[in-house]
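Report on the following structure.
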Amino acid sequence: MTTSEPVQETLALNFSQPSKPRVLLAASGSVAAIKFESLCRSFSEWAEVRAVATKASLHFTDRKSLPSDIILYTDDDEWSTWKKIGDEVLHIELRKWADIMVIAPLSANTLAKIAGGLCDNLLTCIVRAWDYSKPLFVAPAMNTFMWNNPFTNRHLETINQLAATSHLADAATILFKFKLSWSVYLSKCRNKLTMTWDRQDYKAKMVTTKHEDKTKFR
Ligand SMILES: Cc1cc2nc3c(=O)[nH]c(=O)nc-3n(C[C@H](O)[C@H](O)[C@H](O)COP(=O)(O)O)c2cc1C
């Protein structure tokens with residue numbers, strides 16, 4: 001073999017793109033939700049994204065600005081899609097669909113509700129029904145006075161204790177870690193080390209940021 005080109009060509013021909021990870025991105029009512037659109041765009045470059053927004057978050061996010069291929073679900077959809085017994089329940093379907101859930105930003109209010117097990121809207125119902133063998137990432141964002149309130153730590157500790165797959169990080173770190181994990185996986189596929197995407201394996205590769213990193217979203 002005189003050059004490396006034919007080898008590269010063979011690999012390219014044999015390489016079939018695996019299905020993208022399914023990421024459920026959720027926004028709650030922090031002012032940092034003004035960045036939700038750009039977060040959605042960043043994730044959708046390499047993941048299949050569905051979005052969930054609380055009523056309060058829609059004060060900061062213009063739903064018309066989201067990429068057209070991203071479906072945004074709100075509390076209204078939860079009720080309009082259910083008419084009778086036997087119909088699919090949206091929060092259960094989204095929980096089943098997602099490989100990963102990312103709540104960015106996570107407001108103090110939604111944090112408190114999750115920590116207390118409350119579920120009075122679409123976002124908190126999904127979390128209340130969440131399968132903790134799948135990763136749940138949260139990026140809290142709030143005013144420093146709220147952040148320093150003793151409730152914050154108490155609630156974050158509770159979320160941390162829910163499962164080894166609950167992680168606190170800033171949104172940029174979450175994005176970076178998932179992108180890195182995905183590109184490692186793709187390169188493994190190209191090198192024929194892994195031919196099918198094992199979602200468990202993907203999760204296992206995650207390097208997680210734990211509670212000590214109290215970085216804010218904004
Ligand atoms: C202008 C404005 C900015 C706010 N910014 C924040 C914030 O950054 N973080 C936060 O936790 N709450 C913030 N809040 C309060 C939340 O919007 C409020 O607690 C709301 O009920 C949250 O609802 P949700 O958790 O269902 O989205 C803000 C409220 C207003 C009016």
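The values are calculated or read from the model by the stated rules, or taken from the named source; none is laboratory data. Computed from a predicted structure; not experimentally measured. Please note: Cβ atoms are built from the backbone with ideal geometry, for glycine as well, and neighbour counts cover all protein chains shown.
Among the candidates Asp120, Asp131, Asp99, which residue alone is within 15 Å of the ligand (Cβ to nearest atom) and over 19 Å from Phe60 (Cβ atoms)?
Asp120
Just need a number here: residues in segment 139-153 that are part of a strand (DSSP E or B) and more than 10 Å from the ligand (Cβ to nearest atom).
Of the residues in segment 139-153, the ones part of a strand (DSSP E or B) are 139-140.
Adding the requirement that they be more than 10 Å from the ligand (Cβ to nearest atom) leaves 139.
Looking only at that region, the number is 1.
Can you tell me which residue in segment 54-85 is surrounded by the fewest Cβ atoms within 10 Å (Cβ to Cβ), limited to those that are farther than 20 Å from Cys125 by Cβ and of a type in the set (Gly, Ala, Ser)?
Going through the qualifying residues, I end up with Ser68.
Tell me which residues, restricted to segment 124-138, are outside any loop (DSSP other than H, G, I, E, B) and at pLDDT below 90. Spell out how you get there, then give the answer.
Kept after step one, since they are outside any loop (DSSP other than H, G, I, E, B), are these residues of segment 124-138: 124-128, 136-138.
Of everything in segment 124-138, those that are outside any loop (DSSP other than H, G, I, E, B) and at pLDDT below 90 turn out to be Leu136, Phe137, Val138.
Can you give me the number of residues within segment 24-38 that are more than 11 Å from the ligand (Cβ to nearest atom) and touching a Phe, Trp or Tyr at 6+ places or on another chain (Cβ under 9 Å)? Working first, answer last.
Step one: list which residues in segment 24-38 are more than 11 Å from the ligand (Cβ to nearest atom), which gives 24-25, 35-38.
Restricting the remaining residues to those that are touching a Phe, Trp or Tyr at 6+ places or on another chain (Cβ under 9 Å) gives 24-25, 35-36.
Residues meeting the conditions: 4.
Out of Ala108, Ala112, Ala171, Ala104, I need the residue that is closer than 30 Å to Glu45 by Cα and modelled with pLDDT of 95 or more. Which one?
Answer to the check: Ala108.
What is the one condition in (1) within 13 Å of the ligand (Cβ to nearest atom); (2) over 12 Å from the mean Cα position of the chain (by Cα); (3) not hydroxyl-bearing (Ser, Thr, Tyr) that Gln161 does not satisfy?
In the conditions (1) within 13 Å of the ligand (Cβ to nearest atom); (2) over 12 Å from the mean Cα position of the chain (by Cα); (3) not hydroxyl-bearing (Ser, Thr, Tyr), Gln161 misses (1) alone.
For segment 108-123, check the following and say yes or no: at least one residue is farther than 16 Å from Ile159 by Cβ, touching a helix residue (DSSP H, G or I) at 6+ places or on another chain (Cβ under 8 Å) and part of a strand (DSSP E or B).
No, the conditions are met nowhere in segment 108-123.
Out of everything in segment 48-78 that is in contact (Cβ under 8 Å) with a residue 60 or more places away in the chain and among the β-branched types (Val, Ile, Thr), what residue ends up being farthest from Phe36 (Cα to Cα)?
Thr54
So for segment 79-98 (the condition being of a type outside the set (Ser, Thr, Tyr), touching a strand residue (DSSP E or B) at 6+ places or on another chain (Cβ under 9 Å), in contact (Cβ under 8 Å) with a residue 40 or more places away in the chain and under 19 Å from Val31 (Cα atoms)), does at least one residue qualify?
No: segment 79-98 contains no residue that is of a type outside the set (Ser, Thr, Tyr), touching a strand residue (DSSP E or B) at 6+ places or on another chain (Cβ under 9 Å), in contact (Cβ under 8 Å) with a residue 40 or more places away in the chain and under 19 Å from Val31 (Cα atoms).
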